[in-house]
Each structure stands twice: as structure tokens, then as C-alpha cells.
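First up is the structure itself, then whatever we jot down about it.
Derivation of every value follows stated rules applied to the coordinates shown; laboratory data play no part. These figures come from a predicted structure and were not determined experimentally. Methodologically, a virtual Cβ is constructed for each residue, glycine included, from the backbone with ideal geometry; neighbour enumeration extends over all protein chains shown.
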Amino acid sequence: MENIRIELTSAPKAKPTVDPLPFGKYFSDHMFLMNYEEGKGWFDPRIVPYGPFSLDPSCMVFHYAQEIFEGLKAYRRADGSIWLFRPADNFRRMNDSARRMCIPEVDVDFCVEALKKLVALERDWVPTQEAASLYIRPFIIATDCTVGVHASKTYIFCIILSPSGNYYPEGLDPVKIAIEDEDVRAVRGGTGFTKCGGNYAASIRAGERAAGRGYSQVLWLDGVHRKYIEEVGSMNIMFKIDGTVVTPVLQGSVLPGITRRSILEVCRDWGLSVEERLISVDEVIETAENGHMEEMWGTGTAAVVSPVGQIEYEGKSLKIGGGGIGELTQKLYDELTGIQWGTRPDTRGWTVKVCD
Ligand SMILES: *Cc1c(COP(=O)(O)O)cnc(C)c1O
């Protein structure tokens with residue numbers, strides 16, 4: 001791949017001053033772009049002023065959602081240096097999504113380098129506020145101008161950056177989630193394991209209904225039996241049942257979260273018993289009722305670890321472990337954010353320095 005060309009903005013924006021910062025609302029001065037054409041591959045990698053695309057109304061992404069994305073963060077440490085967390089894993093997963101969606105793969109190492117270059121250029125946009133970070137959104141869209149259904153022959157790859165606060169305004173306060181028994185998010189053989197916009201489009205209705213009843217997220221059941229727990233809106237889900245950490249096994253319909261994988265690795269290193277298996281909604285309700293369910297939490301880049309204090313199923317509302325933050329949940333949050341912010345040792349080589 002050729003060198004990344006840089007075109008600087010002539011009109012830098014004012015940095016947001018609101019405290020706390022909202023999630024994903026403000027965007028930095030520059031973005032990374034490259035194009036793809038069949039026979040030519042990815043070309044013209046460049047960092048340019050952040051701004052709108054001009055796309056033909058027939059552009060394929062508008063009609064058939066041939067699109068994928070990723071989500072990660074850059075963290076500013078106390079000494080001012082800026083770091084990423086397992087960025088290569090995000091671009092590797094982007095390629096897993098790409099293969100499923102017939103989108104051309106990207107070069108993982110090149111993307112990490114491009115991202116580091118973009119974040120270093122935008123370093124002043126990495127927030128200094130407590131628990132805030134620079135949310136990074138890489139995505140690829142299909143740009144052929146035709147409403148025929150086929151794999152596009154042209155694509156745009158883009159990375160935008162958003163200085164963001166906590167994903168949940170509640171912070172580490174326990175969230176309330178509703179178990180969805182009507183809509184389904186994904187099925188095996190479908191696109192559940194990919195980060196594609198279509199998965200989210202199909203999830204909005206249940207999310208809106210749950211929000212209307214005061215729940216911040218939806219807990220999905222499997223699409224075939226409507227019986228096994230899959231994941232939360234944008235997080236994987238974990239339980240501590242009788243001392244064992246239990247999380248749904250990955251079988252194609254659940255998104256393989258990088259936070260999920262990191263947490264499981266930490267739990268195993270701590271000597272905890274960990275099970276990746278099927279968990280039925282009946283088991284969740286039963287153990288929540290009889291007190292065997294000690295803790296429940298979601299995992300994802302945006303919130304890192306998010307305690308679940310209450311669940312709703314078939315009109316019934318249940319408290320989890322007293323409704324507060326579980327001991328292990330808190331410990332895991334402290335460990336992972338400690339590694340990300342450099343206040344705890346990174347013994348696994350997960351963090352990548354962008355600049356001092
Ligand atoms: C991104 C995402 C997650 C969490 O993945 P991380 O890599 O941990 O951020 C979980 N579920 C869904 C549906 C997602 O899109």
C-alpha cells in the first residue's frame with residue numbers, strides 16, 4: 001500500500017466543552033479514507049478534513065446495506081500519552097465481517113498504522129475528562145451505483161473519531177434490561193457474528209419498546225428456540241452463577257466481543273471457573289429467583305463492563321444480586337480499565353501506544 005497522504009483542514013473546529021461528554025455526538029477535524037475498485041484493490045489512503053460524502057442515490061449501501069463497521073477507543077493516560085486497546089483484533093474481526101458480507105478484506109497491519117497516524121494527528125481530540133475517551137469508528141460501505149443485487153465492485157473505507165463520555169449516562173450504575181421474546185436479532189447462518197448495520201436496524205424496534213418501559217437495553221434470545229440467551233444490544237452478557245462465570249457460547253449468532261474475550265482471559269488467569277455454554281432463559285430466571293445468580297454484567301468496548309441490576313421477562317421484573325454492583329463485576333471493570341488507562345500492568349501485550 002502506498003503512503004498515506006494528508007490534507008489538513010483550514011477550519012479546525014472548537015473542541016466540545018460539555019462535561020460529561022455525550023457518546024458519539026462530536027467528531028474530530030479529520031478522517032481517514034481509502035477506496036476500493038475491483039481489479040485495483042484498496043487505493044489512495046488519505047487523511048482529509050472531516051466532512052460529508054457525496055453519493056449517488058442509487059449507491060448500493062443505501063438499498064441493500066452492504067456495510068460493516070468496528071468500534072474501539074483511544075485512551076489518554078495520566079502522563080498525557082495516548083494508547084489503543086487490541087486494535088489489530090478489531091481489524092481482524094472487520095475482515096471476518098467482510099468475508100460474510102462479500103466485502104474485500106483490508107490489511108490489518110496497514111489499518112492499525114493508518115489509525116495510529118490519524119489518532120496522533122487528532123491527539124488534542126482525545127478527552128482529558130474522567131472516564132472519557134476517543135471513540136473510533138472504522139467502517140466500509142458499498143458504493144456501486146446500481147439497484148441490482150450483487151456484491152459491489154467499489155467501496156469506501158473510512159475511520160471517524162468521536163470524543164465521548166460513558167456510553168451509559170448511568171456510568172457504572174446497574175442497568176435494567178428487558179428480555180425480548182418477540183423480535184430476534186440473529187440466527188446461525190445469518191450475520192449475527194458480524195458488525196453490520198443491518199443487525200442494528202433490525203434491533204431498533206425492540207430497543208425502542210424496552211426504552212418505553214424504562215429499560216436501557218434488550219437481552220436477545222436465540223432466533224430458533226427463543227430460549228437461549230444470546231447477548232445484549234451492543235454488549236455480550238455474562239453471569240456469575242454459584243461462583244462460576246457463565247457466558248453464551250459463540251455459535252455464529254453472537255458477536256465475538258473483544259471485551260468478552262479479554263474478560264474471559266482475565267477470569268481464567270484469576271483461577272475462576274469459566275463456562276462458555278448454552279444458558280436458557282429459564283435457568284436465568286430460576287437462578288435469579290432462588291439466589292444462585294450472584295452477578296450479571298454486560299461487556300463491550302463502549303461501556304467496558306456494565307452491571308445489570310434488574311431484568312424483565314414476560315412482564316415480570318427481577319432484581320439481580322440485590323440490584324447493586326457485584327464484587328466481581330467491579331473487580332473486572334477496575335482491572336480492564338486499569339490496563340487500558342495504564343494504572344495496572346499490561347502483562348498480555350494488549351495495549352498499543354499511539355504517541356507520547
Ligand atoms: C460490538 C458489539 C459487542 C461488543 O464487542 P466489543 O469488541 O467487546 O466491543 C457485542 N455485541 C454486539 C452486537 C456488538 O455489536
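Tabulated data
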{"item": "Cα-centred dipole magnitude for the chain, charges only on beta-carbon of K, R (+1) and D, E (-1), debye, nearest 20", "result": "580"}
{"item": "Positive-end extreme of charge dipole, region 275-355 - chosen from 281, 300, 310 (charges on Cβ)", "result": "300"}
{"item": "Among the listed pairs 40/195; 15/240; 73/176; 240/316; 15/116, those beyond 30 Å (Cα-Cα)", "result": "15/240"}
{"item": "Most mobile listed residue (281, 304, 18) in the chain, GNM with C-alpha springs under 10 Å", "result": "18"}
{"item": "0 to 90° range, to nearest 10: angle between helix 87-100 axis and the chain longest Cα axis", "result": "90"}
{"item": "Radius ratio Rg over Rh of the chain, counting only Cα atoms, Kirkwood formula for Rh", "result": "0.97"}
{"item": "Beta bridges per DSSP with both ends in region 175-341, % antiparallel, nearest 5", "result": "65"}
{"item": "Principal semi-axes in Å for region 232-356 [√(5λ), Cα gyration tensor, largest first]", "result": "27, 15, 14"}
{"item": "Considering only the chain, percent of DSSP beta bridges that pair antiparallel, nearest 5", "result": "80"}
{"item": "Contact order normalised by residue count of region 5-164, Cα under 8 Å, 6+ apart, percent", "result": "34"}
{"item": "Folded to 0 to 90 degrees: helix 197-212 orientation relative to the chain principal axis, Cα", "result": "50"}
{"item": "Charge context of residue 134, other residues only, Cβ under 11 angstrom, K/R +1, D/E -1", "result": "+2"}
{"item": "Calculated [θ] (222 nm, deg cm²/dmol) that DSSP helices of n ≥ 4 give over the chain, each run adding -39,500 (n - 2.57)", "result": "-7500 deg cm²/dmol"}
{"item": "Positive-pole candidate from 39, 148, 332, dipole of the chain, charges at beta carbon", "result": "39"}
{"item": "Between helix 258-269 and the chain: long-axis angle, C-alpha atoms, 0 to 90°, nearest 10", "result": "50"}
{"item": "Region 175-341, relative contact order [Cα under 8 Å, separation at least 6], %", "result": "23"}
{"item": "Rounded to whole Hz, the Karplus (6.51, -1.76, 1.60) HN-Hα couplings of region 42-48, x for glycine and proline", "result": "6, 8, 6, x, 7, 10, 9"}
{"item": "Mean Cα-pair separation over length for the chain, i.e. relative contact order, pairs under 8 Å, 6 or more apart, %", "result": "18"}
{"item": "Proxy reagent accessibility, fewest Cβ within 10 Å first, across 277, 185, 205", "result": "277, 205, 185"}
{"item": "Within region 88-191: Cβ-based charge dipole about Cα centre, in debye rounded to nearest 20 (Lys, Arg +1; Asp, Glu -1)", "result": "400"}
{"item": "Only Lys, Arg (+1) and Asp, Glu (-1) charged, at Cβ; region 217-265 dipole about Cα centre in debye", "result": "40"}
{"item": "Summed residue charge, Cβ within 9 Å of residue 192's Cβ, Lys/Arg positive, Asp/Glu negative", "result": "0"}
{"item": "Order of 64, 228 under a 10 Å beta carbon neighbour criterion, fewest first", "result": "64, 228"}
{"item": "Top of 273, 253, 162 by mean-square fluctuation, Gaussian network on the chain, Cα under 10 Å", "result": "273"}
{"item": "Residue order, fewest to most beta carbons within 10 Å, for 313, 200", "result": "200, 313"}
